[in-house]
Protein chains: 2
Amino acid sequence: MPGTNVTCDIAADVRLPTRYAGYSGPVVPSGGVVARILEEVYELCRSDTSGTLADYIPELAAVQPDSFGICLATADGRVYGSGDLDTAFTIQSISKPFTYALALADRGPAAVAERIDVEPSGEPFFEISLDPTTQRPRNPMINAGAIAAAALVDGADAADRFARIRRSYSRFAGRQLSMNEAVYASESRTGYRNRAIAYLLRGAGIVDGDPDEAVDRYFRQCSIDVTVRDLAVMAATLANNGTNPLTRERALSRPLVEQVLSVMTTCGMYDSAGDWVTTVGLPAKSGVGGGILAVLPGQIGIAVYSPRLDAHGSSVRGVKACRELSNRLGLHFLHVTRAAHTAIRAAYSVAEAPSRLRRDADEMEVLHEFGDLARIFELHGDLLFAGAESAVRAVEDTPGRLEALVLDLREVGDVSPVAIRMLDDLEAELAAAGCRVALVDPDAKLGHLVSSLDPKDPRGRVFIDRDSATEWCEEIILDRHRPPGQACPAALSLDEHPALADLPDDERARLAKEFETRTLARGELIVARDSPRSGLFLILDGRVRFTFTDRDNRRHRLITLTPGLSFGETSMLANVPFANDVHAETTVRLAVLSPDRFDALTAQAPEAKLALLQRLAATAYTQADAALRSVATHPSL
Amino acid sequence: MPGTNVTCDIAADVRLPTRYAGYSGPVVPSGGVVARILEEVYELCRSDTSGTLADYIPELAAVQPDSFGICLATADGRVYGSGDLDTAFTIQSISKPFTYALALADRGPAAVAERIDVEPSGEPFFEISLDPTTQRPRNPMINAGAIAAAALVDGADAADRFARIRRSYSRFAGRQLSMNEAVYASESRTGYRNRAIAYLLRGAGIVDGDPDEAVDRYFRQCSIDVTVRDLAVMAATLANNGTNPLTRERALSRPLVEQVLSVMTTCGMYDSAGDWVTTVGLPAKSGVGGGILAVLPGQIGIAVYSPRLDAHGSSVRGVKACRELSNRLGLHFLHVTRAAHTAIRAAYSVAEAPSRLRRDADEMEVLHEFGDLARIFELHGDLLFAGAESAVRAVEDTPGRLEALVLDLREVGDVSPVAIRMLDDLEAELAAAGCRVALVDPDAKLGHLVSSLDPKDPRGRVFIDRDSATEWCEEIILDRHRPPGQACPAALSLDEHPALADLPDDERARLAKEFETRTLARGELIVARDSPRSGLFLILDGRVRFTFTDRDNRRHRLITLTPGLSFGETSMLANVPFANDVHAETTVRLAVLSPDRFDALTAQAPEAKLALLQRLAATAYTQADAALRSVATHPSL
């Protein structure tokens, strides 16, 4: 079989970095809320001294019968533990899902399925349970299936095949695991029944090569030494899609993790699988070495070690501790949560939460009247089918017409392929109805890169922040609903600027001659942060952008100002430096009243200056109020 | 058995409202993104005409072999469908989980477990599969277990017991279901094997009463007519914790839903359970009537109807459609998501995002220096163990000391008991370390009501909004870190108010005599929204609160002002009405410059007025900038 149909996602020559040799992980030994819960479960289960040690080989009966350890590792790599965390014991049958995983990776699921079925047998682990028709072992968790899986592992020769198994387990555990020679020697010497199974499998054509080699590999894999901490990390690696959360190394591809967990669910606990699913509800595997490993997909790996076994061959305290942990921590994998389907975090219109672009009164009025035609949907959580369905439904159910839509995906976690397709379909559906879509998706979760600046692309656009997306939607609304007579905001003359426009002619003339006009190129710095008072600036044409840098050195747009607005008042009045950088966002024309002229006006024309200040202050106050209001009412706050 | 150990969560006398008679649900027949996906799966599966009709009674062979319907209902009640949605067929074995559920509700899980095990049998449904030792049927999904479950249903007599079954199913379906008399008569006439099973069960002591009554009830339940839409709603009711998402009626208690889904997982698809879990991965049940029902807990119910059956007795197209839907929609219940464990939406300090209480410069400085000792954690998603663990860890891992903490729980969904306990423990741990906790939890998700106003309670406090909680934390920081010489913000005289304090003596005196002093009681309205310009107000003592009402008629605090600040400028300068209501939050002392006096100053003392305006404008601009900055950088935006 070597060389045929090899789809290997675990490169045979990958070696763990030596820093993981002897690595003992970041267990939090005591203290803290979670550690205390573990401690309670530990104390509760410790008193149970029922059960008996496995004794079919002397090595298994030679362990400390009172040894007991519980370890829990989260899918993002935090490890909690209680009791004997560093006691080594042989992995035994807990090896089965991991060798099965390697066989799946080496041969592909279809080829493995031809040799090993996935049906629960309803029988103990030592039963041979071959399908009467196909001769396939009923599943990879009984010995027959496990030996068949060991036979399917790729490699140059027997030594290489076992080395690949050991390396694979080590990758799951995040440290170099080694084999217990004494246990292996004993197993190998006394494992008549397993040897018989291997011969039966060879006779049935399930095992192709040397049956002795296959069963020898199986004995070796069962004899690998682990600690309860290793098993918890191995479980957490399964919980984390196959990537070890401590080393960040991938141990198994994602679809195969699902396959392995499925088989553990139905077949992992042998003839008590039904009871286990009902009362514990976690894919799991136990071994006669005294270990149990259980997985809450996406969340948690659990391992328990205590060598006294029940009639099914599983650790007594292990079963009890898993049951207690599942009940107390609410880990049952069918546990239903209310909020699982809600992907909409907030939904509102641009009329309710406009962009930070300050617009003139005419435009504000258009947006006030038609802003409900452009809506913003903030999504969150994972976008699997149910989440995507709720998002699509919310958009499709929006009463009335939609002309522009912002979908903010920044807080979305995992996006499944069907969700991507559904949102693509939604975009197409909306485009056909004349609604354009702005995706806020800087990480390209939907696979679209931030698009070029072509504003005519009918598919809509991708933005890196919500404010720019909102501004883009506002432009769409303005383009469509601006009254026929009303032009785009155009250049103003100084006399037309609202700061002066409604003053008596003589006062306006008096003030106007104090201003000088200045033109700046796109991108040019107008005033730098920390500049001293630099004048009073009236915007006649173009856009002016205020930005600042936060503690984390990230640059933020504070606001963009358009013709008819002004800036520099704070600095002028309070005699303080500029708090922000001010740049020309486009070509900009400004009228500037210098500090000297401004100060001189107090004596020369106090009433004109008062009138000017009054107008500027009124605008600024109104804008400050709008800003405060958006803080106070923003649907996201 | 009647009368003993009855724990009934389904009242026998509850009748469905008549509006559900003939109720046909809100199916979305076509159009929309989700409907289109269903349509594709429908078309794909329709071409498969393999399989044969059940023919052990003539009624089952008399159906339209080409009938085919797919229906999907979300856990919040949206129904999508494709094909024959209103064709009636008999429920057959899909009745088994629902009668098992009723038996669990009537007798309690322990009493039911004494009679029916939950282990997969690995055998076809017609096998008798009694445990050789206990004589219990292996599980409630094979005929033997289902007949045992039917025998356990409570009721006054045989008619009442079946009536309770029918009512229970109807509650799941959201409409009155009825029995197909012809199918029942046929089943009853020819069901020798099932009658034999009932007698065996009676002999083994599993069925207590008349075995003929038990098997008759089983024939009747199997003969209840349903549509694929009914089955989808029944599945969605299981997905939704046992509450029908359309009628909002509870059909089953939550822990029993988990039990029923667990058994469906391991035993629902008979001898193909393992393959089903691996390739479909949804708790499910099929019936020889041609129906299949599948559940994604918390999210979705699926049903398919197509009467041609495979060798296991399950609908050929049904199995195929479930597999397609699971693959295309990513519904496998072990599907691992990346973000499942992250409960922290945002974390920041009060120094980064202060409350809306405007404080004087001294206090601002203290908060700037020590504000990192008070942190705000916004949580989201469901707080099950893994989510609570990530939240607790984030708090416990905060570098340095914590003196005050806001936990904002408003965006949290489901909170499990262990999460409540963990957060309680965390509070106790923090209290012992001198850190006080403010919960933002208006819905009492953690079970604590919004507490009294006693600010000395060492356990911390519960708030209805984050801003008040943040303000409370700021007070803690101020109390602990105010420099020894610095008093709490105290009353000012008019001369000390920053609007006048640094003016030349003569100008200050000139202005001061224009102000009048006014004292207001706590809660008193100072200026109503829409009032015309009412004066310039300087705060000398107490706190002044601005509030406004949004489109949805919710009242928001805009800001609170303290001594040394001022208000009314906008209205005075721009001659516009007040945009907000202004109330005294405490007893308040104000200095007021009336509009008349203010206007008169232009002529009488223009330079003094300019100087005053300059100071007021500077403060207002600075505050506006701070407000804008908090919008631009708020971690939640």
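So how strong a dipole does the stretch B:27-329 carry about its Cα centre when Lys and Arg Cβ are +1 and Asp and Glu Cβ are -1, to the nearest 20 debye?
Working: 30 positive and 35 negative charges, 120 e Å.
Computed about the Cα centre, the dipole is about 580 debye.
Residue-wise, which Karplus ³J(HN,Hα) couplings in Hz belong to the stretch B:513-525, taking 6.51 cos²θ - 1.76 cosθ + 1.60, θ = phi - 60°, and x for glycine or proline?
6, 7, 7, 10, 9, 9, 10, 10, 7, 4, x, 5, 7
Could you tell me what percent of the DSSP beta bridges with both partners in chain A are antiparallel, to the nearest 5?
On the way: 56 of 75 bridges.
If we restrict to bridges inside chain A, about 75 percent are antiparallel.
How large is the helix-only mean residue ellipticity at 222 nm for the protein assembly as shown, computed as the sum of -39500 (n - 2.57) over DSSP H runs with n ≥ 4, divided by its residue count, in deg cm²/dmol to the nearest 500? Show your work: numbers first, answer last.
Values: 43 runs with 506 residues, N = 1274.
It comes out at -12500 deg cm²/dmol, rounded to the nearest 500.
Going by Cα centres, the stretch B:514-556 and the stretch A:467-538 are how many Å apart?
Centre-to-centre (Cα) distance: 33 Å.
Can you give me the accessible area per residue for the stretch B:494-633, using a 1.4 Å probe, in Å²?
Working: 5860 Å² over 140 residues.
Computed with neighbouring chains in place, this is 42 Å² per residue.
Suppose we keep just the DSSP beta bridges with both residues in the protein assembly as shown; what percent of those would be antiparallel, to 5? Write out the running numbers ahead of the final one.
On the way: 112 of 150 bridges.
Within the protein assembly as shown, antiparallel bridges account for around 75 percent of the total.
Which of the peptides B:98-105, A:359-366, A:200-207, A:502-509 is most tightly packed, and how do the rest follow, going by the mean number of other Cβ atoms within 10 Å of each residue?
Details: B:98-105: 26.6, A:359-366: 15.8, A:200-207: 18.9, A:502-509: 13.1.
Packing proxy ranking, top to bottom: B:98-105, A:200-207, A:359-366, A:502-509.
Measuring from the lowest to the highest alpha carbon on each principal axis, how far does the stretch A:27-329 reach, largest first, in angstroms?
Reported extents, whole Å, longest axis first: 55, 37, 35.
Kindly identify the stretch A:26-109 as rounded, prolate or oblate by the Cα gyration tensor criterion: order the square roots of the eigenvalues as a ≥ b ≥ c, call it rounded if a/c is under 1.5, otherwise compare a/b with b/c, prolate if a/b is larger, else oblate.
It is oblate, given that a/c is not under 1.5 and a/b is not larger than b/c.
Any idea what the relative contact order of chain B is, in percent, if you count C-alpha pairs under 8 Å spaced at least 6 apart? Walk me through the intermediate numbers first.
On the way: 1268 pairs, mean separation 69.4, N = 637.
Across chain B, relative contact order equals 11 percent.
Hey, got the average number of other protein chain Cβ atoms within 10 angstrom for residues in B:378-386? Mind dumping the intermediate values first?
Working: counts 1, 0, 5, 8, 6, 3, 7, 14, 11.
Partner Cβ neighbours, averaged per residue: 6.
In terms of modelled amide H atoms, which long-range or inter-chain residues lie less than 5 Å from the amide H of residue B:84?
B:68, B:69, B:70
If you take all C-alpha pairs in chain A, what percent of them are over 38 Å apart?
Details: 105734 of 202566 pairs.
When every Cα pair of chain A is considered, 52 percent fall beyond 38 Å.
Taking θ = phi - 60°, what integer Hz values does the Karplus form 6.51 cos²θ - 1.76 cosθ + 1.60 yield along the stretch A:595-611, in sequence order, with x for Gly and Pro?
Listing the rounded values in order: x, 4, 4, 4, 5, 5, 4, 3, 7, 6, 8, x, 5, 5, 5, 4, 4 Hz.
For a distance above 20 Å, tell me the whole-number percent of Cα pairs in the stretch A:494-633 that qualify.
On the way: 4659 of 9730 pairs.
Distances greater than 20 Å cover 48 percent of the Cα pairs.
Need one number: % antiparallel among DSSP beta bridges in the stretch B:344-481, to the nearest 5.
Details: 5 of 21 bridges.
Counting only bridges with both partners in the stretch B:344-481, antiparallel ones make up about 25 percent.
In sequence order, what are the phi-derived ³J(HN,Hα) couplings for the stretch A:233-244 according to the Karplus relation 6.51 cos²θ - 1.76 cosθ + 1.60 with θ = phi - 60°, rounded to whole Hz, with x for glycine and proline?
5, 4, 5, 5, 5, 5, 4, 9, 6, x, 9, 4
Can you give me the % of accessible surface on the stretch A:494-633 that is carbon or sulfur? Probe 1.4 Å, all protein chains present, nothing else counted. Don't jump to the answer; show the numbers that get you there.
Numbers: 2800 of 5860 Å².
Its accessible area is 48 percent carbon and sulfur atoms.
Under a 5 Å amide H to amide H cut-off, with H placed in plane at 1.01 Å, what residues pair with residue A:349 once short-range neighbours are removed?
Counting only residues 5 or more places away or on other chains, the set is A:376.
Between residue A:159 and residue B:110, take the C-beta separation as r, use R0 = 30 Å, and let me know the FRET efficiency to the nearest 0.05.
Plugging the Cβ-Cβ distance into 1/(1 + (r/R0)^6) gives 0.05.
Calculate the radius of gyration of the Cα atoms of the protein assembly as shown to one decimal place, then report Dmax, the largest Cα-Cα distance, as a whole number, both in Å.
Cα-based Rg and Dmax for the protein assembly as shown come out at 36.4, 115 Å.
Can you give me the long-range amide H partners of residue A:381? Hydrogens built in the peptide plane at 1.01 Å from N, cutoff under 5 Å, separation of 5 or more residues or another chain.
A:413
Provide the buried accessible surface between chains A and B in square angstrom, both chains summed, 1.4 Å probe, rounded to the nearest 100. Walk me through the intermediate numbers first.
On the way: alone 28260 and 28290 Å², together 46010 Å².
In total, chains A and B hide about 10500 Å² from solvent.
If each Cα of the stretch A:324-402 is one equal point scatterer, what is log10 of I(q)/I(0) from the Debye formula at q = 0.12, 0.13, 0.26 Å⁻¹?
-0.53, -0.58, -1.15
Given a 1.4 Å probe, show me the residues in the stretch A:546-579 buried by at least 40 Å² of accessible surface when comparing the whole protein assembly to the chain alone.
At a threshold of 40 Å² (probe 1.4 Å), the residues of the stretch A:546-579 that become less exposed are A:548, A:551, A:558, A:570, A:573.
Rounded to the nearest 0.05, what FRET efficiency do residue B:44 and residue A:502 give with R0 = 51 Å and r taken as the Cβ-Cβ distance? Could you check? Don't skip to the end; give the middle numbers.
Details: r = 70 Å, r/R0 = 1.36.
Calculated transfer efficiency: 0.15.
In degrees from 0 to 90, rounded to the nearest 10, what is the angle of the helix A:192-203 Cα long axis to the longest principal axis of chain A?
Roughly 70 degrees, rounded to the nearest 10.
Among B:380, B:433, B:534, whose Cα sits farthest toward the positive end of the charge dipole of chain B (+1 at Cβ of Lys/Arg, -1 at Cβ of Asp/Glu, about the Cα centre)?
Going by the charge dipole, the pick is B:380.
What size of dipole, in debye to the nearest 20, comes out for the protein assembly as shown about its Cα centre when the only charges are +1 on Lys and Arg C-beta atoms and -1 on Asp and Glu C-beta atoms?
Computed charge dipole of the protein assembly as shown: roughly 1160 debye.
Across peptide A:248-257, what mean number of C-beta atoms from other chains lies inside 10 Å of a residue's C-beta?
Working: counts 0, 0, 0, 0, 0, 0, 2, 2, 0, 3.
Average per residue, whole number: 1.
Counting pairwise Cα distances across the stretch B:344-481, what percent come out greater than 25 angstrom?
Percent of Cα pairs beyond 25 Å in the stretch B:344-481: 20.
Calculated FRET efficiency, residue B:327 and residue A:575, Cβ-Cβ r, R0 51 Å, to nearest 0.05? Before the final figure, lay out the partial values.
Values: r = 69 Å, r/R0 = 1.34.
The pair residue B:327/residue A:575 has a calculated efficiency of 0.15.
Taking each label point as 7 Å beyond Cα in the direction of the beta carbon, state the distances from residue A:505 to the same residue in the other copies, shortest first, in nm.
Output for residue A:505: 4.8 nm, nearest copy listed first.
Could you give the spread of the C-alpha atoms of the stretch B:552-613 along their three principal axes, from largest to smallest, in whole angstroms?
45, 26, 17
What does the average come to when, for each residue of peptide A:410-421, you count the partner chain Cβ atoms lying within 10 Å of its Cβ?
Working: counts 0, 5, 1, 7, 7, 2, 6, 4, 8, 2, 0, 5.
Mean partner-chain Cβ count within 10 Å for A:410-421: 4.
So, in nm, how far is label residue A:599 from label residue B:443 when the simple model puts each one 7 Å beyond its Cα toward the Cβ?
5.9
Quick one: helix B:385-396 against the long Cα principal axis of chain B, what's the angle to the nearest 10°, folded into 0 to 90?
Once rounded, one gets 20 degrees.
The values are calculated or read from the model by the stated rules, or taken from the named source; none is laboratory data. Values in this document were obtained by computation on a predicted structure and should not be read as measured data. Cβ atoms come from the backbone with ideal geometry, glycine included; neighbour counts cover every protein chain shown. The protein model used for the area step is the full one, side chains on, heavy atoms only, and it has no ligands, DNA or RNA in it. Shrake-Rupley method; radii C 1.70, N 1.55, O 1.52, S 1.80 Å.
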